[in-house]
Amino acid sequence: MHRFLPIDLRALGDQYVKDEFRRHKRSSPEEVKSFMTEWEQYKDTLQTQVLESAGEQFSSVKFGANLSEGKFSEFQDEQIGQLYELMLESTKPNRQFDIQEDSK
């Protein structure tokens with residue numbers, strides 16, 4: 001789904017996904033089940049947003065979703081730190097990624 005995002009968000013999302021799957025390589029079966037359920041929900045949300053944004057200017061489209069207090073309260077301290085870092089990176093006016101679109 002990331003291929004349909006603006007190039008800087010795609011790069012950020014791709015790297016975050018890789019990091020998350022690496023972090024969960026040695027998780028318990030229960031943690032893996034929860035992890036995969038959350039990723040399926042992420043995919044479904046992103047797919048809906050991409051389809052709804054078809055034909056619109058990327059600058060006017062908002063991707064993502066608000067995190068409920070219930071979900072947030074389930075997070076461990078490390079996850080809150082990761083979420084905060086992701087929020088900082090995704091809201092920077094000049095993101096660290098200097099990526100050019102393919103001219104196909």
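The values are calculated or read from the model by the stated rules, or taken from the named source; none is laboratory data. Remember, predicted model here, so these are calculated numbers, not experimental data. All Cβ positions, glycine included, derive from the backbone under ideal geometry; neighbour counts span all protein chains shown.
Say we look at the stretch 82-92 and pick out the residues that are in a helix (DSSP H, G or I) and out of contact with any helix residue (DSSP H, G or I) (no Cβ under 7 Å at 6 or more places or on another chain); which of these is farthest from Glu20 (Cα to Cα)?
Taking the stretch 82-92 first, the residues in a helix (DSSP H, G or I) are 82-90.
When the remaining residues are screened for being out of contact with any helix residue (DSSP H, G or I) (no Cβ under 7 Å at 6 or more places or on another chain), the result is 82-85, 87-88.
Numbers: Gln82: 10, Leu83: 11, Tyr84: 15, Glu85: 13, Met87: 15, Leu88: 17 Å.
So the residue we want is Leu88.
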Checklist line | Enumeration of residues in the stretch 74-89 that are at pLDDT 90 or above and in contact with a Phe, Trp or Tyr (Cβ under 9 Å, 6 or more places away or on another chain) | finding: Ile80
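Please verify whether the stretch 60-79 includes one or more residues that are out of contact with any Leu (no Cβ under 8 Å at 6 or more places or on another chain), on the phi > 0 side of the Ramachandran plot and not aromatic (Phe, Trp, Tyr). Even if it seems obvious, please write down each step before you answer.
Residues of the stretch 60-79 that are out of contact with any Leu (no Cβ under 8 Å at 6 or more places or on another chain), as a first pass: 60-62, 64-66, 68-74, 76-79.
This time we only want the ones that are on the phi > 0 side of the Ramachandran plot, so: 64.
After this cut, where a residue has to be not aromatic (Phe, Trp, Tyr) as well, the list is 64.
Looking for residues that are out of contact with any Leu (no Cβ under 8 Å at 6 or more places or on another chain), on the phi > 0 side of the Ramachandran plot and not aromatic (Phe, Trp, Tyr), one finds at least one in the stretch 60-79, hence yes.
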